[in-house]
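Here's the structure, in structure tokens; my notes come after.
A short reminder: the numbers here are calculations on the coordinates, not readings from a lab. Since the structure is predicted, the reported quantities are computational estimates derived from the model, not experimental observations. Please note: Cβ atoms are built from the backbone with ideal geometry, for glycine as well, and neighbour counts cover all protein chains shown.
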Ligand code: TYD
């Protein structure tokens, strides 16, 4: 039995920022800025106005979500509590633990959502049905 995933274990991390007159640079190194080794990187772009992404949870996957350009909101839900995190700067990353339902909404025009992931792509790691997500968290974890 593992401890129930909580949105309160998800947090916004401030990333390194190197600033000079020619622009800014942000870098991320395994385990120095984020608490997992990165096995995969992907990004969402050309998201039409009003579109929503996500709408699922992961059984094992941890992620760092960055608004590399523009802004969007991430709705986090652990089955008991919900919170909305606005991402609007490329030097902030939202760390999302496993077992959290997430929805990405309110994409600005031209937004780029960069995601660093702790695992390679595995369709079997997804929970795409909200009721199944609630059952999975109840069956596989406890509050203590
Ligand atoms: P999905 O994770 O559902 O996207 P989102 O949460 O942004 O709505 O993935 C959309 C599609 O892309 C789905 O068919 C699986 C595929 N995909 C990959 O093949 N590899 C990947 O690394 C990711 C993230 C998705």
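For this structure, a couple of remarks:
- Among 73, 46, 125, the largest mean-square fluctuation in a Gaussian network model of the chain, built with springs joining Cα atoms closer than 10 Å, belongs to 46.
- Between helix 130-140 and the chain: long-axis angle, C-alpha atoms, 0 to 90°, nearest 10: 70
- Residue of 79, 124, 23 that the Gaussian network model of the chain assigns the largest fluctuation, springs spanning Cα pairs under 10 Å: 23
- Isotropically averaged projected area of the chain, using the convex hull of Cα atoms (one quarter of hull area), nm²: 9.1
- The chain, relative contact order [Cα under 8 Å, separation at least 6], %: 36
- Computed over segment 1-82, relative contact order equals 31 percent, with contacts defined as Cα pairs under 8 Å that lie 6+ residues apart.
- Of 127, 28, 105, the one that fluctuates the most in a GNM where the chain has Cα springs shorter than 10 Å: 28
- Taking every DSSP helix (H) stretch of at least 4 residues in the chain, weighting each as -39,500 (n - 2.57) and dividing the sum by the residue count yields a mean residue ellipticity at 222 nm of -2500 deg cm²/dmol.
- Ordered by the count of other Cβ atoms within 10 Å of each Cβ, fewest first, 14, 52, 139, 33 give 139, 14, 52, 33.
- FRET efficiency, 1/(1 + (r/R0)^6) with R0 30 Å, evaluated for residue 45 and residue 20 via beta carbons: 0.70
- Between residue 12 and residue 125, the modelled labels are 2.6 nm apart [label points 7 Å from Cα along Cα→Cβ].
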